[in-house]
Structure formats: C-alpha cells, structure tokens
Amino acid sequence: MNADRIPADAHLRCDVLVIGGGPAGATAAALLAQQGRDVVVLEKAHHPRFHIGESLLPANGRLFEQLGVRAQVDAIGMPKWGVQFVSPQHQHTAFVEFSEAWDKSMPMAWQVRRSQLDEILFRHARERGATTVEGCSVRRVEFDADGATVSATLDDGAPSRCRAAYVID
C-alpha cells in the first residue's frame with residue numbers, strides 16, 4: 001500500500017518499519033525496498049515540511065546516483081565547490097576546495113532547501129516500493145523475540161499498528 005493514509009485501526013505487517021521520513025529514513029527505505037524488502041515508513045509531518053537549510057557534502061553525490069535522484073538534486077541545489085572554516089576566536093580562516101581534497105573524484109557538493117530534498121527522498125522511497133505514510137506519529141515500540149509491534153496515531157487521532165521484523169529509528 002503506497003499511500004499517504006492507512007486505514008484507521010489498520011494492522012500492517014512488514015519486514016522493516018522506518019520511523020521518520022527524513023533523509024536517513026527515506027534513503028534506508030528506498031534501498032531496502034529496492035532489494036525486495038517489504039518496508040513501511042511512518043512520518044509524523046506532511047511533505048514538504050519545514051527544516052532549516054542543508055549544506056551537503058561531496059560524498060552524497062555517489063549516494064544520490066545510487067538512489068537515482070542525482071538529477072533531481074542537481075535541479076534544486078546550488079553547487080558548492082568548497083568550504084570555509086571561520087573561528088570567532090582566531091583571525092585566520094581556511095578555505096578548502098573539494099577538488100583539492102584527498103578524493104579528487106568528488107569536486108562539488110550542494111546547498112539545498114531541506115524541505116525540497118526531504119520530499120524528493122521521501123517520494124523516491126515510495127517509487128521504489130516502500131509504503132509511505134504521512135501524518136502518522138509513532139507512540140510506542142514494543143520489542144519481543146520475533147520483532148516489534150509499533151503503535152501509532154494518525155492525524156485524525158485514529159490508532160494504527162504495525163508488526164515488523166526490524167525497526168529503524
């Protein structure tokens with residue numbers, strides 16, 4: 001079920017339940033779903049959701065390529081060719097160009113609006129086969145020998161439960 005809503009009082013089952021649809025959760029969900037795992041992502045907010053900035057690092061480029069979202073990130077990102085270190089306790093500043101770093105295959109990064117990046121990655125997890133649910137706040141995780149039961153509440157107050165072999169939070 002790849003939808004923004006799950007039925008009230010639903011009792012889902014999955015291999016992996018991911019709590020949170022930010023960059024880490026959405027990336028994990030996309031990669032696991034791509035490998036054939038049954039993945040559910042529960043996100044309490046609705047995308048696009050407000051988050052402060054994001055200054056990405058060059059190594060993200062390879063991950064974006066692996067995920068298949070590099071072109072989308074290029075479209076929303078401002079290229080960043082280096083970083084400057086500034087200290088209020090010192091007169092000296094240092095600028096490092098990414099192309100001069102140890103690994104010269106990663107010459108640039110991006111500055112992006114976090115809300116846009118999060119939405120790209122969250123929607124991508126759904127496209128890869130993960131069940132993505134927005135407006136669903138996790139309230140309790142109960143572990144046992146066979147996995148976990150995750151209890152959540154939908155935006156309208158309706159309860160939801162999911163049984164998972166593994167939980168990523």
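The values are calculated or read from the model by the stated rules, or taken from the named source; none is laboratory data. The structure displayed is predicted, hence computed values, not measured ones. Positions of Cβ are generated from backbone atoms using ideal geometry, with glycine treated the same way; all protein chains shown enter the neighbour counts. Accessible surface areas use protein heavy atoms only, side chains included; no ligands, DNA or RNA. Shrake-Rupley method; radii C 1.70, N 1.55, O 1.52, S 1.80 Å.
Things to note:
- A simple rule links phi to the HN-Hα coupling: the Karplus curve 6.51 cos²θ - 1.76 cosθ + 1.60 with θ = phi - 60°, which for the range 152-169 gives 9, 10, 7, 3, 7, x, 5, x, 8, 9, 9, 9, 9, 6, 9, 10, 10, 10 Hz, with x for Gly and Pro.
- The smallest convex shape that holds all Cα atoms of the range 82-169, its convex hull, gives 239 Å³ per residue.
- Backbone amide hydrogens, once placed in the peptide plane, bring residue 168 within less than 5 Å of 17, 18, 19, excluding anything fewer than 5 places away on its chain.
- Cα-based Kirkwood hydrodynamic radius, the chain, one decimal, Å: 17.5 Å
- Surface share of carbon and sulfur [accessible, 1.4 angstrom probe, percent] for the range 1-129: 55 percent
- Charge sum, other residues only, whose C-beta stays under 12 Å from residue 14's C-beta, Lys/Arg counted +1 and Asp/Glu -1: +2
- Backbone phi angles across the range 90-104, fed through the Karplus curve with coefficients 6.51, -1.76 and 1.60 (θ = phi - 60°), yield HN-Hα couplings of 9, 7, 7, 10, 10, 10, 10, 7, 4, 5, 9, 6, 4, 9, 6 Hz in residue order; Gly and Pro are listed as x.
- Compared with the alpha-carbon gap, the fully stretched path from residue 99 to residue 137 is longer by 9.5 nm at 0.36 nm per residue.
- Interchain or long-range residues, amide H under 5 Å from residue 51's placed H: 115
- The residues of the chain expose, per residue, 57 Å² of accessible area to a 1.4 Å probe.
- Computing FRET efficiency as 1/(1 + (r/R0)^6) for residue 144 and residue 66, where r is the C-beta to C-beta distance and R0 is 35 Å, gives about 0.55.
- Dipole magnitude of the chain about its Cα centre (Cβ charges: Lys, Arg +1; Asp, Glu -1), debye to nearest 20: 100 debye
- Span from the the range 134-169 Cα centroid across to the the range 44-112 one, whole angstrom: 33 Å
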